[in-house]
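Beneath this line is the structure, given in structure tokens, with notes to follow.
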Amino acid sequence: MHADSTQALFATKAHNPAFLSVRQALPTEQEPIDFCVPVNRHFPPPSLLEAIHVALPDIVKYYPDYAEVHQEALSTLTGVPASQIIVANGSTEIISMLCQNAAGPMASCTPTFGQWTDLPAVHGVPIHYIQRDAKRDHVLSVADIVSFVREHGIRTLVLCNPNNPTGAVMSSKSVVELLQQLSDLPQIIIDESFIDYSMVASAANLVGTHQNLIVVKSLGKSLGWHGLRLGYAVTNEKRAAQIRKRLPFWNINALAAFVLQQVAGMRTELNASFRQTHQDRQMFVESLKTVENLHVFPSQSNFVFVELAAGVSGKALRNTLLEQHGCFIRECSNKKGSSERYLRLAVNLPDENQLLVNALRSLLDDGSA
């Protein structure tokens, strides 16, 4: 792959080029490994693909079921009452709506998921950012957040737990304390898209007692299929009904609806995949710690956040990893509050993880990056 082609590939208004574009840009004999987009590598099982193959003629021919059916399926999967669930065409459908209608000013942290930093400005909602500190492993305390909210007169607070891209988490106890101290805010939004890979309990069971709480969740990260565009939110029954009225009819496509119905009864298989990913992450982290000029932060997600030594170009390293080793990574200079010294590395299968570690070692240990 020529260096000019790599430069053109990453010259995109989006945060990263799509994986299919990366694949097309590489030589035909080279299949890239995606360390950029974190996805569950131990789900779905082959049997689900076979079920889709059998049902595909009906899936594409008929309209999908109605929202109530999807809510019941998610209730079975999560244990959350169906009346509190809003099913969405990917979590970004809900995020876009929440940002558009948010009471301002908003607050979020940096670095974090780009939609939470970009969309408020698009919709003209004032937003302030709490900077996460690398010296504290990017962990925010309740006191940090409450102080910031009061100082800036925040009315809508957004937190990702675990945070993307840092992998830092807030404990369940701290989440409850935060909700209690900020019970006067019109809205507190917690994005739990990666919580299945952590040791933290979901805050979804708190929406009944905390009326200002909305929990947002992407299912693509858990199911291993981002292309389904499937996500949901959980909030109190009254607010959930109000949000559902603003969504398009049939906002869930028939393939996503079919998969959701199938997955509703696969909680055991899903949990097993999360446990396996946890083991893979631990091995990956230990291997990454052996690489010189690389600092590895604690993570409770299916990705690892790392910091390069001063003077090492993350962009150059990203390009070389793709061109010479077929590894597509996430360099974080286009995230607010970050720089090209930071990389987010998705957890893949052990052999693939080790391939990336070996490539990083060859480039960083001898200073050639």
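A201: under 16 Å from V80 (Cβ atoms) and open to solvent by 10 Å² or more (accessible area, probe 1.4 Å), yes or no? Walk me through it before giving the result.
Working: under 16 Å from V80 (Cβ atoms): yes; open to solvent by 10 Å² or more (accessible area, probe 1.4 Å): yes.
When the stated conditions are applied, A201 passes them.
Might you let me know whether the stretch 68-79 holds any residue that is assigned to a helix (DSSP H, G or I), modelled with pLDDT under 95 and either open to solvent by less than 60 Å² (accessible area, probe 1.4 Å) or not acidic (D, E) (or both)?
Taking every residue of the stretch 68-79 in turn, none turns out to be assigned to a helix (DSSP H, G or I), modelled with pLDDT under 95 and either open to solvent by less than 60 Å² (accessible area, probe 1.4 Å) or not acidic (D, E) (or both).
If you scan the stretch 96-130, which residues turn out to be closer than 19 Å to G167 by Cβ, touching a Phe, Trp or Tyr at 6+ places or on another chain (Cβ under 7 Å) and free of Cβ contacts under 8 Å to residues at least 60 places away in the same chain?
S108, I130
In the stretch 239-271, which residues are of a type outside the set (S, T, N, Q), over 23 Å from the mean Cα position of the chain (by Cα), open to solvent by 80 Å² or more (accessible area, probe 1.4 Å) and more than 19 Å from G227 (Cβ to Cβ)?
K245, R246, F249
Kindly provide the set of residues from the stretch 277-306 that are among the acidic types (D, E) and either under 15 Å from L219 (Cα atoms) or open to solvent by 20 Å² or more (accessible area, probe 1.4 Å) (or both), ordered by number.
Within the stretch 277-306, E286, E292 meet the criteria.
Restricting the search to the stretch 1-22, which residues are at pLDDT below 75 and either open to solvent by 40 Å² or more (accessible area, probe 1.4 Å) or not in a helix (DSSP H, G or I) (or both)?
Scanning the stretch 1-22 gives M1, H2, A3, D4, S5, Q7, A8, A11, T12, K13, A14, H15.
Restricting attention to the stretch 333-354, report how many residues are closer than 11 Å to P111 by Cα and in contact with a His (Cβ under 9 Å, 6 or more places away or on another chain). Outline the logic, then answer.
Going through the stretch 333-354, the residues closer than 11 Å to P111 by Cα turn out to be 333-339, 342.
Among the residues that remain, those that are also in contact with a His (Cβ under 9 Å, 6 or more places away or on another chain) are: 334-335.
The total comes to 2.
Can we say L355 is open to solvent by less than 30 Å² (accessible area, probe 1.4 Å), in contact with a helix residue (DSSP H, G or I) (Cβ under 8 Å, 6 or more places away or on another chain) and either more than 28 Å from Q131 (Cα to Cα) or not in a loop (DSSP other than H, G, I, E, B) (or both)? Spell out the reasoning first.
On the way: open to solvent by less than 30 Å² (accessible area, probe 1.4 Å): no; in contact with a helix residue (DSSP H, G or I) (Cβ under 8 Å, 6 or more places away or on another chain): yes; either more than 28 Å from Q131 (Cα to Cα) or not in a loop (DSSP other than H, G, I, E, B) (or both): yes.
For L355, the condition - open to solvent by less than 30 Å² (accessible area, probe 1.4 Å), in contact with a helix residue (DSSP H, G or I) (Cβ under 8 Å, 6 or more places away or on another chain) and either more than 28 Å from Q131 (Cα to Cα) or not in a loop (DSSP other than H, G, I, E, B) (or both) - is not met.
State whether one or more residues within the stretch 47-60 are part of a loop (DSSP other than H, G, I, E, B), touching a helix residue (DSSP H, G or I) at 6+ places or on another chain (Cβ under 8 Å) and open to solvent by 30 Å² or more (accessible area, probe 1.4 Å). It would help to see each step written out before you state the result.
So the first thing to find is which residues in the stretch 47-60 are part of a loop (DSSP other than H, G, I, E, B), and the list is none.
Checked against the condition, which is being part of a loop (DSSP other than H, G, I, E, B), touching a helix residue (DSSP H, G or I) at 6+ places or on another chain (Cβ under 8 Å) and open to solvent by 30 Å² or more (accessible area, probe 1.4 Å), the stretch 47-60 yields no hits at all.
Do we have E340 as crowded, with 19+ Cβ neighbours inside 10 Å, in contact with an Asp or Glu (Cβ under 8 Å, 6 or more places away or on another chain) and in contact (Cβ under 8 Å) with a residue 12 or more places away in the chain here?
Working: crowded, with 19+ Cβ neighbours inside 10 Å: no; in contact with an Asp or Glu (Cβ under 8 Å, 6 or more places away or on another chain): yes; in contact (Cβ under 8 Å) with a residue 12 or more places away in the chain: yes.
For E340, the condition - crowded, with 19+ Cβ neighbours inside 10 Å, in contact with an Asp or Glu (Cβ under 8 Å, 6 or more places away or on another chain) and in contact (Cβ under 8 Å) with a residue 12 or more places away in the chain - is not met.
Among the numbered criteria (1) in contact with a Lys or Arg (Cβ under 6 Å, 6 or more places away or on another chain); (2) open to solvent by less than 50 Å² (accessible area, probe 1.4 Å), which single criterion is violated by N89?
Only one criterion in (1) in contact with a Lys or Arg (Cβ under 6 Å, 6 or more places away or on another chain); (2) open to solvent by less than 50 Å² (accessible area, probe 1.4 Å) is unmet by N89, namely (2).
For the list (1) modelled with pLDDT of 95 or more; (2) not in a helix (DSSP H, G or I), I need the number of the one condition that A256 fails.
Failed condition: (2).
Please go through the stretch 282-294 and pick out each residue that is more than 21 Å from the chain's Cα centre (by Cα) and free of Cβ contacts under 8 Å to residues at least 40 places away in the same chain.
Across the stretch 282-294, the qualifying residues are E286, K289.
Checking the condition touching a helix residue (DSSP H, G or I) at 6+ places or on another chain (Cβ under 9 Å), open to solvent by less than 20 Å² (accessible area, probe 1.4 Å) and closer than 22 Å to L219 by Cβ, which residue from I94, I130, I145 passes?
Within the list I94, I130, I145, the selection yields I94.
Of these, F274, F328, which one is in a strand (DSSP E or B) and either surrounded by fewer than 15 Cβ atoms within 10 Å (Cβ to Cβ) or under 23 Å from the mean Cα position of the chain (by Cα) (or both)?
Details: F274 fails: in a strand (DSSP E or B).
Going through F274, F328 in turn, the sole match is F328.
The values are calculated or read from the model by the stated rules, or taken from the named source; none is laboratory data. All of these numbers come straight from a predicted model, not from anything done at the bench. Methodologically, a virtual Cβ is constructed for each residue, glycine included, from the backbone with ideal geometry; neighbour enumeration extends over all protein chains shown. Accessible surface areas use protein heavy atoms only, side chains included; no ligands, DNA or RNA. Shrake-Rupley method; radii C 1.70, N 1.55, O 1.52, S 1.80 Å.
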